[in-house]
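Data first, discussion second: the structure below is written as structure tokens.
The values are calculated or read from the model by the stated rules, or taken from the named source; none is laboratory data. All of these numbers come straight from a predicted model, not from anything done at the bench. Counting neighbours? That spans all protein chains shown, and the Cβs are built from the backbone with ideal geometry, glycine included.
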Amino acid sequence: MPTPTYDLLASTVLGSNTATVNFTNLGTVAAGYRDLVLVCMARSSGTSSGNEALLLDFNSTGAFDATSSAWDTSSTSSQTSSGSSKIENYIRTSQSSNTTPSFLIFHIFDFAQTNKHKTVLRRYDSSTYSWWGVFRWNQTSAITSINLDVEGTSTDIVAGSTFYLYGIVS
Amino acid sequence: MPMTLVGSVTVGAGGASSLEFSNIPATGTDLVVLGSIRCSSWGVNLTLELNGSASNFSSKGLLYNGTTINAYGSPSNWVGVANGTNRATNVFSNIRIDIANYATTQNKGIQASNAYADFQTTSYPSFHNLVWSNSATINSIKLVPEDKTWLEGTILSVYTIS
Amino acid sequence: MSFILLGILNSQVTAAAGGPAYDLIETTTATSGGSITFSNVNNLTDYKHLQIRYVARGTEANTGGTIGIRLNGVTASDYSSHSIIGSPSTSGSADFTTYFFANDTIPLGSSTTSAFGVGIIEFTDFLSTSKHKVIRAWLGNQALGGTRNFYLTGMLTNTTAAISSINLFIVGTSGNYATGTRFSLYGIKG
């Protein structure tokens, strides 16, 4: 019997500048789902003229290995990282030439399975580049929280930024 | 509410010069467009118009032309490449467009991915990230194959996610 | 909701609007073997498009593995695959092969323990009998040991037959899918 899915599990729409966004208690909130899809439109309050990193982690623990490719309007480049405690996702700032929030999509597969590391497909745009890539969280633990904050101690995620978490059954 | 079909259109015999979805309800969070598309010439740049406007877009496109991978900033509203006549017969490009926060008063973020394929070295899988600097709620979406015609069998399906 | 077709008009609007449009059809978890098949796909007449989401790993004593895809059991040289590969930005293409593929998209037995490759594969208008099938795939493998790639792949088959089966298999002569592998099929209305 077909099962309708792609269900909104939780959302955050910032009414004011906020340091962090957290999706917690996923063992309950996302019970019965297999994959998660996190869709964000986010911008930082930073004063950099380009981009700042929106940092993502799972369960505030573990390490990430990531490979990404970027392109602007004329060239491409790539980036790899290993053993990072958080994943960097570059988003526009309040000083970017275009202040449209950056659009980020994360497909998080088998988030609660305890027999594998968690692999994520991601894609997003920043002021200068567009990015796509894959990263792996090196824990077999179920993901119980997703945490986002902007790099920099005095920088926030600006009001109006949105974060929607969807669940897909399998 | 799961992903919801808003509407779908299939081009019949005789073709169509344009495809536009209008009066999109403002009841969702994001829009998704899935398409199986072909027009009257191959390798045509497919562009997006929102609320009847092709203005206030910026884009970054990444395309593989069968030989090299290149990045592009124009057309500013570019979302893919369409298959067409004078090339492999009966081949339609496969396209997906995601539009975030379409019913908000913010500028809009758009991601498109496109698979154009034929049995020759020229093949154009491509990614496109766009910004529409317009705070209006999106109530119409139009896909334009340059000055060409959409061919019979072209399908576009529009969904809301909320 | 209305539809405007400018110019020559002879089109129709489907009547399925308004309801849930993305349904789980079936999930297969690999218990043994290196091949799984979704069968009787042509019976899914309530749907216009299909999506497969997978998490996969192989058991062969090697690092990088490839999932091959065949439709309708066709083993002839009817498939074309062209990819943007993201690490670094390179490309891959192959025409008139006996299956669709993108190299090194899943880890194998000698790769990082517990690492799996993932993918989202979308088939538009899969029941059409007048179109060659073009498939769009977004795939990723982040495992150290030489295989960490991600792909946007366009795939084309040289047949207009409706899709009746989808076979996903590990390319090569040995090795099975590892425990923890699963393929999920979703129908999308349109």
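For the range A:34-68, enumerate the residues that are on the phi < 0 side of the Ramachandran plot and small (G, A, S).
Matches in the range A:34-68: A:A42, A:S44, A:S45, A:G46, A:S48, A:S49, A:G50, A:A53, A:A63, A:A66, A:S68.
What about A:H107, is it within 26 Å of C:I52 (Cα to Cα), crowded, with 19+ Cβ neighbours inside 10 Å and within 13 Å of the chain's Cα centre (by Cα)? Yes; evaluated as a whole, the condition is true for this residue. Would you check which residues across the range B:114-134 are buried (at least 23 other Cβ atoms within 10 Å of the Cβ), at pLDDT below 95 and facing another protein chain (nearest Cβ under 7 Å) and list them? Across the range B:114-134, the qualifying residues are B:A115, B:Y116, B:A117, B:D118, B:S123, B:P125, B:F127.
Quick one: would you say C:S77 is touching a strand residue (DSSP E or B) at 6+ places or on another chain (Cβ under 6 Å), without any contact (Cβ under 8 Å) to a residue 12 or more places away in the chain and of a type outside the set (A, V, I, L, M)? No. Among the residues making up the range C:149-166, those that are crowded, with 21+ Cβ neighbours inside 10 Å and either within 11 Å of chain B (Cβ to nearest Cβ) or part of a strand (DSSP E or B) (or both) are C:N149, C:F150, C:Y151, C:L152, C:T153, C:G154, C:M155, C:L156, C:T157, C:I166. Tell me the residue from C:G180, C:G172 that is in contact (Cβ under 8 Å) with a residue 60 or more places away in the chain and either within 14 Å of chain B (Cβ to nearest Cβ) or within 29 Å of A:S81 (Cβ to Cβ) (or both), please. Only one candidate qualifies: C:G180.
Within the range B:11-31, the set of residues being in a strand (DSSP E or B) and more than 7 Å from chain C (Cβ to nearest Cβ) comprises B:D30, B:L31. Test B:A71 against the stated conditions and say whether it is at the interface with another protein chain (Cβ under 7 Å from one of its Cβ atoms), assigned to a strand (DSSP E or B) and touching an Asp or Glu at 6+ places or on another chain (Cβ under 8 Å). Spelling it out, B:A71 is indeed at the interface with another protein chain (Cβ under 7 Å from one of its Cβ atoms), assigned to a strand (DSSP E or B) and touching an Asp or Glu at 6+ places or on another chain (Cβ under 8 Å).
Screening the range B:92-113 for residues that are surrounded by fewer than 24 Cβ atoms within 10 Å (Cβ to Cβ) and more than 11 Å from chain A (Cβ to nearest Cβ) and picking the one that is nearest to A:F163 (Cα to Cα) gives B:A103. Going by the conditions given, is A:T155 assigned to a loop (DSSP other than H, G, I, E, B), at pLDDT below 95 and in contact with a strand residue (DSSP E or B) (Cβ under 8 Å, 6 or more places away or on another chain)? Criteria met by A:T155. In the condition set (1) surrounded by 24 or more Cβ atoms within 10 Å (Cβ to Cβ); (2) within 14 Å of chain B (Cβ to nearest Cβ); (3) of a type in the set (V, I, T), C:V118 is compliant with all but (2). C:T113: free of Cβ contacts under 8 Å to residues at least 40 places away in the same chain, surrounded by fewer than 19 Cβ atoms within 10 Å (Cβ to Cβ) and facing chain A (nearest Cβ under 10 Å), yes or no? Considered against the rule, which asks whether it is free of Cβ contacts under 8 Å to residues at least 40 places away in the same chain, surrounded by fewer than 19 Cβ atoms within 10 Å (Cβ to Cβ) and facing chain A (nearest Cβ under 10 Å), C:T113 comes out as yes. Residue check: A:T73 meets all listed conditions (1) buried (at least 20 other Cβ atoms within 10 Å of the Cβ); (2) in contact with a Gly (Cβ under 6 Å, 6 or more places away or on another chain) but one, namely (1). Taken over the range B:55-89, the criterion of being farther than 13 Å from B:Y124 by Cα and out of contact with any Gly (no Cβ under 8 Å at 6 or more places or on another chain) is satisfied by B:S55, B:N56, B:F57, B:S74, B:P75, B:S76, B:N77, B:T85, B:N86, B:A88, B:T89. When we screen B:S41, B:S53, B:S8 for residues that are within 12 Å of chain C (Cβ to nearest Cβ) and either touching a residue at least 12 places away in the same chain (Cβ under 8 Å) or hydroxyl-bearing (S, T, Y) (or both), the only hit is B:S8. In the set (1) in contact with a Gly (Cβ under 6 Å, 6 or more places away or on another chain); (2) surrounded by fewer than 23 Cβ atoms within 10 Å (Cβ to Cβ); (3) under 19 Å from C:V41 (Cα atoms), C:T129 fails one condition alone, (1).
Quick one: in the range C:26-58, which of the residues that are part of a loop (DSSP other than H, G, I, E, B) and surrounded by fewer than 19 Cβ atoms within 10 Å (Cβ to Cβ) is modelled with the lowest pLDDT? Looking at residues that are part of a loop (DSSP other than H, G, I, E, B) and surrounded by fewer than 19 Cβ atoms within 10 Å (Cβ to Cβ), I get C:T31.
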